[in-house]
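Undergrad: Here it is: the structure, laid out below.
Just so it is clear, none of the values below were taken in a lab; they were calculated from the coordinates. Please read all numbers here as calculations on a predicted model, not as lab measurements. Because the Cβ atoms are built from the backbone with ideal geometry, glycine has one as well, and the counts that use them run over all protein chains shown.
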């Protein structure tokens, strides 16, 4: 999804190695799978940087990222000068803590807990969970900025 100089891609974070991750992200971003994905991913980020554009990676499950991939992603985030951004969700607090630790981020929690809604209230429960996830993602993005 492209909007206002930002290309947003979704990634499950379950790649086995950095080259596979780079290939998956480039496939999402460009529709192509390069022969040299690590080189191509770095070149793509330089291209975006020259155009003052960003690639935002939405990670479906932060806890699924292996330590090796987290180290690679952290390096790419640091070296991209803001061109590469990441947002992530996690299943629970423990998963969020593990994932942020692997990426070398600080986990920021809201001062007040969101109210717990009984499952029988349907859409209100989904809205509360979505709001909680949005707060966590906003906090993660703030630490990356």
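Undergrad: Please give the length that would be gained between residue 35 and residue 49 if that part of the chain were fully extended, namely 0.36 nm times their separation in residues minus their C-alpha to C-alpha distance (nm, one decimal).
TA: Full extension from residue 35 to residue 49 adds 2.8 nm.
Undergrad: Evaluate the distance, in nm, between pseudo-label points positioned 7 Å from the Cα of residue 98 and of residue 16 along their respective Cα→Cβ axes.
TA: 2.1 nm
Undergrad: If you don't mind, there's one more thing I want to ask. Please report 79, 66, 52, 89 as a ranked list, fewest other C-beta atoms within 10 angstrom at the top and most at the bottom.
TA: 52, 79, 66, 89
Undergrad: Provide 35, 101 in ascending order of the number of other Cβ atoms located within 10 Å of each residue's Cβ, fewest first.
TA: 35, 101
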